[in-house]
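Right, one structure below, let's go through it.
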Amino acid sequence: MTYNNENIFAKIIKGEADCVKILENDYILSFMDVMPQTPGHTLVIPKYGTENIFDLPEEYFIHLMDANKKYLRL
């Protein structure tokens, strides 16, 4: 299986699909889930196309984990 750069998350990153942005930098994008499971349900995704989180370059992984850590405190 190969990464599909036309998936909904890739489209959100490219600005081809709408989202309510919370945080964005060169490495990650955080936005509100369109079908939240709880109030404030937020998604944090890397701006790097990969099928597997373990295939992320280290700098993307670090930014992804740092953003998740901040949101866990809220």
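What follows is calculated from the coordinates using simple rules that are stated; it is not laboratory data. Not measured: the values here are computed from a predicted model. For neighbour counting, all protein chains shown are included, and Cβ atoms are generated from backbone atoms with ideal geometry for every residue, glycine included.
Note down the relative contact order for the chain as a percent, whole number, built from C-alpha pairs under 8 angstrom at least six residues apart.
Working: 77 pairs, mean separation 17.6, N = 74.
Once normalised by length, the contact order is 24 percent.
Taking only Cα atoms and a 10 Å spring cutoff, compute GNM fluctuations for the chain and point out the largest among Leu56, Leu64, Leu23.
Among Leu56, Leu64, Leu23, the largest GNM mean-square fluctuation belongs to Leu23.
Long-range amide H contacts for Ile22: which residues qualify at under 5 Å (H placed 1.01 Å from N, peptide plane, sequence gap of 5 or more or a different chain)?
Ser30, Phe31, Met32
Counting other beta carbons within 10 Å of each Cβ, put Ile53, Ile12 in order, fewest first. Provide the component values of the computation, followed by the final result.
Details: Ile53 11, Ile12 17.
Ascending Cβ contact count within 10 Å gives the list Ile53, Ile12.
Can you compute 3J(HN,Hα) from phi for each residue in region 36-52, using the Karplus curve 6.51 cos²θ - 1.76 cosθ + 1.60 with θ = phi - 60°, rounded to whole Hz and x for Gly and Pro?
Values, residue by residue: x, 8, 9, x, x, 4, 10, 9, 10, 10, x, 8, 9, x, 8, 7, 9 Hz.
Provide Val44, Val20 in ascending order of the number of other Cβ atoms located within 10 Å of each residue's Cβ, fewest first.
Working: Val44 18, Val20 10.
By the 10 Å Cβ count, ascending: Val20, Val44.
Which ³J(HN,Hα) values in Hz, rounded to whole numbers, follow from the phi angles of region 17-27 under the Karplus curve 6.51 cos²θ - 1.76 cosθ + 1.60, where θ = phi - 60° and Gly and Pro get x?
9, 6, 7, 9, 6, 10, 8, 8, 9, 5, 10
Ratio of Rg to Rh for the chain, alpha carbon only, Kirkwood?
Values: Rg = 12.3 Å, Rh = 12.9 Å.
Taking Rh as the inverse mean 1/r over Cα pairs, Rg/Rh reads 0.95.
Cut-off 10 angstrom, C-alpha nodes, Gaussian network model of the chain. Which of Lys11, Lys47, Lys21 fluctuates the most?
Lys11
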